[in-house]
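What follows is calculated from the coordinates using simple rules that are stated; it is not laboratory data. Because the structure is a prediction, the values reported are computed rather than measured. In this analysis, Cβ positions are derived from the backbone assuming ideal geometry, glycine residues included, and neighbour counts consider all displayed protein chains.
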Amino acid sequence: MMKKGDKPIIVEENYQVPIEQVWSALTDLEKMRQWYFGNIPAFKPEVGFNTQFNVQSEDRIFPHQWRVTEVNPPQMITYTWRFDGYQGDSFVVFELFKQKEATKLRLTVQILESFPQDIPEFTRESCIAGWNYFLKQRLKEFLEKTID
C-alpha cells in the first residue's frame, strides 16, 4: 500500500532524444494527451497551475488533481497528485539528465498522506506498474515515433 513514510517510488528510463524533446513531451498539453492522459483539460508548466480530470478504472472514477509546485526547465517539474474524494496525497518529480544525445528521466513519487488501503489502484505495485507503462512504453514509443 502507499503510506506516508514509505520510501519513494523511483522509475528511471533512458530516451535516445535530446532533453528538450523529453521536456516538451512532459509539459506541452497536446503532446501529453498523446502518451499520458488523453483527457487532460489544460496544463502549464508554471508554479501554482492546477488541473483536474477523471480517469475511470473498472467501476471507479478517480478525479485526478494536479498542482504544479516546482519548475526548472528543462531539468525538472514537480506536481502534487491527489484524487478528489479519496484520502491520500503525493507529489511526483520528473527529473531530466542530459546524456550526450540522449536523456535520462528519473520519476520519483513521494507519499505525503497515506492512500486508502482497500483500493487496488492505490497499491505500491499498481503505482509502479502504472509508471512503468507510461514511461517505459507510452512515452518511449511517443518519443521514438517523433524522431525526425
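Remarks
- Within the stretch 128-147, one or more residues are under 19 Å from Thr27 (Cα atoms), surrounded by 14 or more Cβ atoms within 10 Å (Cβ to Cβ) and hydroxyl-bearing (Ser, Thr, Tyr).
- Residue list for the stretch 69-85, filter: buried (at least 17 other Cβ atoms within 10 Å of the Cβ) and outside any strand (DSSP E or B): Pro74
- For the stretch 86-144, the tally of residues that are touching a residue at least 40 places away in the same chain (Cβ under 8 Å), of a type in the set (A, V, I, L, M, F, W, C) and in a helix (DSSP H, G or I) stands at 9.
Okay, residues lined up against (1) among the acidic types (Asp, Glu); (2) free of Cβ contacts under 8 Å to residues at least 40 places away in the same chain:
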position: Gly5; (1), (2): no, no
position: Val11; (1), (2): no, no
position: Ile19; (1), (2): no, no
position: Gln34; (1), (2): no, no
position: Pro41; (1), (2): no, yes
position: Pro45; (1), (2): no, yes
position: Val55; (1), (2): no, yes
position: Glu58; (1), (2): yes, yes
position: Phe62; (1), (2): no, no
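- When restricted to residues that are under 14 Å from the mean Cα position of the chain (by Cα), part of a helix (DSSP H, G or I) and surrounded by fewer than 18 Cβ atoms within 10 Å (Cβ to Cβ), the stretch 2-30 contains 1.
- Filter result for Glu101 (of a type in the set (Asp, Glu), surrounded by fewer than 17 Cβ atoms within 10 Å (Cβ to Cβ) and within 13 Å of the chain's Cα centre (by Cα)): no
- Residues of the stretch 55-64 classified as surrounded by fewer than 16 Cβ atoms within 10 Å (Cβ to Cβ) and either aliphatic (A, V, I, L, M) or closer than 9 Å to Phe83 by Cα (or both), total: 3
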